[in-house]
Amino acid sequence: MGNGIAHVFAQTGFQVHLIDIAQASLDKGLATITKNLDRMLAKETISEADKKETLDNISTFTNLKNGVTGVDLVVEAATENLDLKLKIFKELDDLCGENTILATNTSSISITHIASVTKRPEKVIGMHFMNPVPIMKLVEIIRGYSTSDEVTRTIMDLSKKLGKTPTEVNDYPGFVANRILMPMINEAVETLYNGVAGVAEIDTVMKLGMAHPMGPLQLADFIGLDVCLSILNVMYDGFKNPKYAPCPLLVNMVMAGKLGVKSGEGFYDYSESRKAEHVSTQFR
């Protein structure tokens, strides 16, 4: 998600500092941005000059202090882990100027909780982009309990400048997108787990019957099964409602390291020899 967010800001003319803990991760991120720009170039939606300008707008850093010095906005896009995000925001609060807005790309974690470790809760906001960021138009804008009207307006206007459609939602576990999406994915996993139908059959029903561009199990693979599990756990912990409890099959697949596209196998097999073949109920 981080490289996609950097891409859209840089392509819109903003100077971007892309920060990660390892240079190898930064190099991989820049390679992904370059690959996506090359696709746009091949489709003639951008020019060679546009590609060069976008890449020139991005600087990389492995030192957090150097990366955030003098910036107006930070968009955090670390993995969906509460303790990690709290640690990052405490550091950002200490390192950033007092007027810097701190945004998080969290897809489920409380903005109010994240803001609580800072001395600027009025300047902390959720900016939940959809994946792939350069293509998807929606940005969920989530106000924490103390997020100011001014900061909310600023981020809404900024999202529009990025060519996105910002939608303001309130700070409850899962917000809107994942509060609706994740129970659907979880129910698709339950349907598989209970032997109602196979992977391909479940996805076909949802694609052809409900006009979804991608079936829920394939979508889960693209999101990452570990991310899906983390979001469901956040909602289950937040609402104490058993309808958000993750399916045992999803839990077992994550424990087995079958995380979807990024691990090469999830509900489908993404290895070179068997790309996108469904794995079916191997982990039941």
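Couple of notes before you dig in:
- Condition check for Glu48: farther than 21 Å from Leu232 by Cβ and either in contact (Cβ under 8 Å) with a residue 12 or more places away in the chain or surrounded by fewer than 20 Cβ atoms within 10 Å (Cβ to Cβ) (or both): yes
- Some residue of the range 158-167 being crowded, with 16+ Cβ neighbours inside 10 Å, touching a residue at least 40 places away in the same chain (Cβ under 8 Å) and in a helix (DSSP H, G or I): yes
- Single match in Asn170, Asn186, Asn178 (criterion: surrounded by fewer than 18 Cβ atoms within 10 Å (Cβ to Cβ) and either in contact (Cβ under 8 Å) with a residue 12 or more places away in the chain or outside the structural domain of Pro134 (by TED's automatic domain parsing) (or both)): Asn170
- Top-ranked residue of the range 236-273 - restricted to ones that are of a type in the set (Val, Ile, Thr) and closer than 24 Å to Pro173 by Cβ, ranked as surrounded by the fewest Cβ atoms within 10 Å (Cβ to Cβ): Val251
- Matching residues in the range 1-26 - criterion: being under 16 Å from Gly67 (Cβ atoms), touching a residue at least 24 places away in the same chain (Cβ under 8 Å) and assigned to a helix (DSSP H, G or I): Gly2, Asn3, Ile5, Ala6, Phe9, Ala10, Gln23, Leu26
- Residue match in the range 70-88 (condition: farther than 30 Å from Pro173 by Cβ, of a type outside the set (D, E, K, R) and in a loop (DSSP other than H, G, I, E, B)): yes
- Note on the range 182-212: residues that are of a type in the set (Gly, Ala, Ser) and outside any loop (DSSP other than H, G, I, E, B) total 3.
- Whether a residue is under 18 Å from Gly163 (Cβ atoms), assigned by TED's automatic domain parsing to the domain that holds Asp157, in contact with a Leu (Cβ under 6 Å, 6 or more places away or on another chain) and part of a helix (DSSP H, G or I) was assessed, and Lys65 does not pass this test.
- Some residue of the range 208-225 being of a type in the set (Phe, Trp, Tyr), closer than 30 Å to Leu84 by Cα and either under 19 Å from the mean Cα position of the chain (by Cα) or outside the structural domain of Thr79 (by TED's automatic domain parsing) (or both): yes
The values are calculated or read from the model by the stated rules, or taken from the named source; none is laboratory data. All of these numbers come straight from a predicted model, not from anything done at the bench. Here Cβ is always computed from backbone atoms with ideal geometry, including for glycine, and neighbour counts include all displayed protein chains.
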